[in-house]
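Undergrad: Got a structure for you, written out below as structure tokens; questions coming shortly.
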Amino acid sequence: MIPEDILLSFHAKFLNYKKGDTIFSKGNYPSYYYQIRLGEVKMNNYNEEGKEFIQNIFTAGQSFGEPPLFIDEPYPANAVALSNVELIALGKDDFLKMLYQHPEVSIEINRSLARRLFYKAVMAPEISSQDSNKRLKTLFDYQKSHSNASDEPFTYMVPLTRQQIADLTGLRVETVIRGVKELEKEGYLLIRQRKIFLK
């Protein structure tokens, strides 16, 4: 999102994490802007019963964890490496300085935050829906609409595991598996070699 040369000119550094490593924990106060160079990061938290809920999954070129950075509040969720990850981290003071000196970057950050708010607004009513297949369709439609997917049917592959789909929708894995099979019978999606392709 933010060009690396700009980040490096403000003293950003490279950080590496192994799959499963925690980058920051719920309740920590933010001190860095994080942008992913390689790998995937999930933002998650757990309910009282210990069930994981994934807030979002971020991939190369995306940033995560900015809202608390702007408002001096603790992180409301954890950030965990889903794979080996390489990040660019820019200290909070340098990050704010960069935004003042590069208004075009500030606008891009606002766009990114607006996309995430839009995602939350789309998903929030569906998460409370009792219709599990409706939850799945909303997630899949959102994923496809925010990709460079072709209009050709069944060429877009959902880049999520069944477990990640369950954690993003608040469903059990068994419910996701059953729902995906039902949606395939409806012609909404196609399963090929255990991968989900959307119409």
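Undergrad: For segment 12-34, which positions are farther than 20 Å from residue 73 by Cβ, loosely packed, with under 13 Cβ neighbours inside 10 Å and not small (Gly, Ala, Ser)?
TA: Across segment 12-34, the qualifying residues are 13, 14, 18, 19.
Undergrad: Starting from segment 162-187, take each residue that is at positive phi and list its partners that are at pLDDT below 95 and charged (D, E, K, R), counting only C-beta distances under 8 angstrom and pairs at least six apart or across chains.
TA: Note: pairs meeting the criteria are 170/135; 187/199.
Undergrad: Another question, if that's okay. What are the pairs with Cβ atoms under 9 angstrom where one residue, in segment 78-97, is within 18 Å of residue 52 (Cα to Cα) and at pLDDT 95 or above and the other, located anywhere, is open to solvent by less than 40 Å² (accessible area, probe 1.4 Å) and hydroxyl-bearing (Ser, Thr, Tyr)? Sequence gap at least six, or different chains.
TA: Between residues of segment 78-97 that are within 18 Å of residue 52 (Cα to Cα) and at pLDDT 95 or above and residues that are open to solvent by less than 40 Å² (accessible area, probe 1.4 Å) and hydroxyl-bearing (Ser, Thr, Tyr), the close pairs are 79/34.
Undergrad: Would you confirm whether any residue within segment 35-45 is basic (Lys, Arg), open to solvent by 50 Å² or more (accessible area, probe 1.4 Å) and at pLDDT 95 or above?
TA: Yes: one or more hits.
Undergrad: Sticking with this one: Any idea which residue in segment 52-66 is farthest from residue 1 (Cα to Cα), counting only those that are open to solvent by 20 Å² or more (accessible area, probe 1.4 Å) and of a type in the set (A, V, I, L, M, F, W, C)?
TA: 53
Undergrad: For residues that are charged (D, E, K, R) and under 13 Å from residue 32 (Cβ atoms), scanning just segment 82-111, find the one that is surrounded by the fewest Cβ atoms within 10 Å (Cβ to Cβ).
TA: Of everything passing the filter in segment 82-111, 93 is surrounded by the fewest Cβ atoms within 10 Å (Cβ to Cβ).
Undergrad: Select from segment 87-131 the residues that are assigned to a strand (DSSP E or B) and of a type outside the set (A, V, I, L, M) and list them in ascending order.
TA: Residue satisfying the conditions is 91 alone.
The values are calculated or read from the model by the stated rules, or taken from the named source; none is laboratory data. Quantities reported herein were computed from a predicted structural model and do not represent experimental measurements. Cβ atoms come from the backbone with ideal geometry, glycine included; neighbour counts cover every protein chain shown. Heavy atoms of the whole protein, side chains included, go into the accessibility calculation; ligands, DNA and RNA do not. Shrake-Rupley method; radii C 1.70, N 1.55, O 1.52, S 1.80 Å.
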